[in-house]
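Student: Can you keep this structure in mind? I'll have questions shortly.
The values are calculated or read from the model by the stated rules, or taken from the named source; none is laboratory data. These figures come from a predicted structure and were not determined experimentally. Here the Cβ is made from the backbone with ideal geometry for all residues, glycine too, and neighbour counts use every protein chain on show. Heads up: the accessible areas ignore ligands, DNA and RNA and are worked out on the full protein's heavy atoms, side chains in. Shrake-Rupley method; radii C 1.70, N 1.55, O 1.52, S 1.80 Å.
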Amino acid sequence: MKTSQATLDPADWQAFRLQGHRMLDDIFDHLQHLRDTPVWHPAPDVARTAFQHALPHGESDLSLAHDIFMREVLPYAAGNSHPGFMGWVHGGGTPVGMLAEMLAAGLNANLGGRNQMPVEVERQMVAWVRELFGFPETASGLLVTGTSMANFMGLLVARFAALGESSRPEGLTDGHRLTAYTSAGAHLSIAQALDMAGLGTAALRKIAVDEQHRMDVAALERAIAADRAAGLMPFFIAATAGTVDVGAIDPLEAIADLAQREQIWFHVDGAYAALGKMAPDIAPLLLGMERADSIAFDFHKWGQVPYDAGFLLVRDGELHRRTFSSPAAYLHRETRGLAGGSPWPCDFGPDLSRSFRALKTWFTLQVYGADKLGQVISHTCELARYLRGRIADTARLELLAPVALNIVCFRYLGADASGRALDDFSSDRLNAEILIAVQESGIAAPSGTHVKGRFAIRAAIVNHRTVAADIDALVDAVLATGAALEQGIHSKAEHGN
Ligand SMILES: *Cc1c(COP(=O)(O)O)cnc(C)c1O
């Protein structure tokens, strides 16, 4: 690209503008016609190889980089924008969020702090989140990369609350005694948080779950009592609102009661389901969450904000600030000038330089409104119930876990050549193959998991673009693939191997 003098700005803004509009048009076309493309298409080796180049030393045209992107990157993304994507818990993103992200990049704001309006945008987001979750004015919040980070930071605030101010200079002199609690269905990031916090994963008690995959509160109470009797310091309970495997919501009220009695920090990992607060039919299922000491969740899942946009909300904002704030000279505050407006977002987390995530999140709420986002959330749950119905009506399919929200775990019931049901081992293998074949077909992209030791095809319906026809396409693809693979097994058996 021809640049102007020594800067990185274009020499010819008019030509640059035209090229920019072409790029915008291309990505709009992509979003408008998502349905006409496969959900996912593995990048062929030629595309991977074609992409590899030595470090460029000279200038080249912006249009060339754009062409490479269109040809070698865009067609081979994971597909979570596509209505047929039901793998893991990925949000779909929106065109509004995309445009806001472009504006944020243009402004190039650093959200660490300082006296600037972008920080006010983040403060407005914090206020909206407080309002949504019924938290007091004194609660604090911070946009972060994702719930993994927010869980980690929540744990650090709880650790600070348990060990006190001296733990910052002195470290974890009493850390070996701290114990934490979560359910067996909790996300891996909870254990990882203990690891990273220097407490060790062995300090995490994984409490058994009931038939609905919810934490067994009586077992939690026993575990806490046993640890206290052994001279340990129970300090952190992480309940899950919407487990990643099956979408179960722990008994939040009962856990809140217990945490209050026991004086233990009550954290909620609400990564995707906390935003169910925006949906009138889901919100009652989340009762008790408003009593949490901290809530971690993502706007990039059910909230449909483009990646990444996680959030940590902490009831005691002062405790939150004292966990992270540092008195570095270059962070010196004034009451006026650019160094005004304390406290800054950087006082509430480990990041100093921070992206303007707040803008795409603010745009999403401002443009769509909480009610419409809530409707999208309700609709994904309705589609999950529809899928559950289709499974119930189909002899060849079996539901493997209760459908609490928007996640459906099921399997194809295969049979051998003489019509007998496959044993669990063969069934697991068959379903794992079905899953990959369906993903490779480009028709739908569910993911896999294990439910009570059985391999399950897992449809997590998160995307606002998904409709009933996409569910039908998934069911049809699983049935057709299952039948075809079974045929393969039978003919192999006939040939004696
Ligand atoms: C997705 C998820 C996480 C991790 O969130 P990231 O944003 O991917 O870091 C944690 N817990 C649960 C329950 C999740 O669904």
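Student: Calculate for the chain the 222 nm mean residue ellipticity that helices alone would give, adding -39,500 (n - 2.57) per DSSP H run of length 4 or more and normalising by residue count, nearest 500 deg cm²/dmol.
Tutor: Computed ellipticity for the chain at 222 nm equals -13500 deg cm²/dmol.
Student: Please list LEU18, LEU413, LEU163 from largest to smallest accessible area, probe radius 1.4 Å, with all protein chains kept in place.
Tutor: From most exposed to least exposed: LEU18, LEU413, LEU163.
Student: In what sequence, largest accessible area first, do LYS360, LYS277, LYS301 appear using a 1.4 Å probe?
Tutor: Order by accessible area, largest first: LYS277, LYS301, LYS360.
Student: At most 15 other Cβ atoms within 10 Å plus a DSSP loop assignment makes a site exposed; report the longest stretch of the chain without any exposed GluC sites (Glu not before Pro).
Tutor: The longest such stretch corresponds to 335-497.
Student: With all protein chains present, calculate the accessible area of MET102 using a 1.4 Å probe and round the result to the nearest 10 Å².
Tutor: Approximately 100 Å² for this residue.
Student: Mind ranking ILE443, ILE207, ILE27 by accessible surface for me, highest first, 1.4 Å probe?
Tutor: ILE443, ILE27, ILE207
Student: For the chain, what does the relative contact order come out to in percent, with C-alpha contacts under 8 Å and a separation of six or more?
Tutor: Value for the chain: 20 percent.
Student: Ok, one more. Give, in nm to one decimal, the length gained when the segment between THR201 and LEU399 is fully stretched (0.36 nm per residue of separation minus the Cα-Cα distance).
Tutor: 68.0 nm
Student: So, one more: Using only C-alpha atoms and all pairs of different ones, pull out the Kirkwood radius for region 1-115 in Å with one decimal.
Tutor: That comes to 17.0 Å for region 1-115.
Student: Okay, moving on. With a 1.4 Å probe and every protein chain left in place, work out the accessible area per residue of the chain in Å², rounded to a whole number.
Tutor: Roughly 47 Å² per residue, with all protein chains present.
Student: Then there is this: What net charge do the residues around LEU399 carry, taking every other residue with its C-beta under 15 Å from that of LEU399, with Lys and Arg at +1 and Asp and Glu at -1?
Tutor: +4
Student: Between beta-carbons, use under 11 Å as the cut-off and find the net charge around PRO306, counting Lys and Arg +1, Asp and Glu -1.
Tutor: Residues close to PRO306 contribute a combined charge of 0.
Student: Excluding ALA358 itself, calculate the net charge of residues whose Cβ lies under 11 Å from the Cβ of ALA358, where each Lys or Arg counts +1 and each Asp or Glu counts -1.
Tutor: Net charge around ALA358: +2.
Student: Related question: Relative contact order for region 404-475: what is it in percent, counting Cα pairs under 8 Å that are at least 6 residues apart?
Tutor: Once normalised by length, the contact order is 34 percent.
Student: Once the whole set of protein chains is in place, how much accessible area is left on ASP424, using a 1.4 Å probe, in Å² to the nearest 10?
Tutor: About 70 Å², rounded to the nearest 10.
Student: Here's another thing I want to ask about it. Share of the chain's accessible area from carbon and sulfur, percent, 1.4 Å?
Tutor: 56 percent
Student: Under a cut-off of 12 Å between alpha-carbon atoms, report the aspartates and glutamates in cross-link reach of LYS2, not counting same-chain residues fewer than 8 places apart.
Tutor: Leaving aside aspartates and glutamates fewer than 8 places away in the same chain, those within reach of LYS2 are ASP12, GLU59, ASP61.
Student: First measure r as the distance between the Cβ atoms of LEU103 and PHE69, then evaluate 1/(1 + (r/R0)^6) with R0 = 25 Å and state the FRET efficiency to the nearest 0.05.
Tutor: 0.80
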